[in-house]
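Trainee: What follows is a structure written as structure tokens; I'll ask about it next.
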């Protein structure tokens with residue numbers, strides 16, 4: 001209640017104070033609806049290197065230790081590492097606090113790819129060549145499954161709900177880590193079928209025909225003859 005001196009100035013001052021208080025309590029205008037999320041999936045498929053760091057006996061010991069398949073003479077192995085990174089970058093308009101868009105970049109990597117051939121086979125070029133060709137087939141099968149799987153990631157992320165519910169979409173309240181967690185959750189949910197497809201592709205390489213090449217493909221070969229089906 002404002003006292004008036006008869007000129008009306010007290011009433012005007014009171015109304016102005018009320019208006020100012022209303023504006024301050026309302027705060028800044030709310031940001032518009034959810035910003036668009038742009039997804040980019042990059043593939044890093046490393047080249048395969050051939051090495052001869054272990055003997056046949058060491059390779060066989062490693063196979064037994066990890067419980068690997070025993071469908072042909074163990075002349076070597078193919079190995080790799082699979083992983084991915086996620087980067088979330090919100091963008092705001094110049095001078096504003098509302099998030100205009102969000103860029104999600106996922107980098108899928110098939111790295112440290114190596115074919116190891118038992119160094120004993122350096123003395124047996126014929127068998128070395130057969131072994132190398134066999135494990136190159138394993139690497140090629142791995143490539144095929146990896147590329148096919150990568151094609152599913154982008155549409156999977158585009159259809160997923162990547163923004164946390166109830167977000168205000170301002171730069172100081174929207175948490176990129178929360179978005180990253182949702183991206184990783186969507187990717188991890190698809191890894192189980194990928195692992196199954198990769199295992200099936202690797203088993204498909206280990207045929208009886210491949211085993212026969214390793215045991216009878218070279219005359220007077222030094223290949224182990226007692227470990228194949």
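Trainee: In the stretch 34-216, what percentage of the DSSP-assigned beta bridges are antiparallel, given to the nearest 5? Show your work: numbers first, answer last.
Mentor: Values: 17 of 29 bridges.
Beta bridges within the stretch 34-216, antiparallel portion: roughly 60 percent.
Trainee: Report the Rg/Rh value for the stretch 34-216, based on alpha-carbon coordinates and the Kirkwood definition of Rh. If you can, show how the numbers build up before the last one.
Mentor: On the way: Rg = 22.2 Å, Rh = 19.2 Å.
Expressed as Rg/Rh, it is 1.16.
Trainee: Now a separate question. At a Förster radius of 25 Å, what calculated FRET efficiency corresponds to the Cβ-Cβ distance of residue 94 and residue 160, to the nearest 0.05? Before the final figure, lay out the partial values.
Mentor: On the way: r = 30 Å, r/R0 = 1.19.
Approximately 0.25, to the nearest 0.05.
Trainee: Full-extension gain between residue 49 and residue 62, please, as 0.36 nm times their residue separation minus the C-alpha to C-alpha distance.
Mentor: On the way: separation 13, 0.36 × 13 = 4.68 nm, distance 1.94 nm.
Contour length minus the Cα-Cα distance gives 2.7 nm.
We did not get these values from a lab; they are worked out from the coordinates using the rules stated. The shown structure was predicted, so the numbers you read here are calculated from the model rather than taken from an experiment. Heads up, the Cβs are rebuilt from the backbone with ideal geometry, glycines too, and the neighbour counts pull from every protein chain shown.
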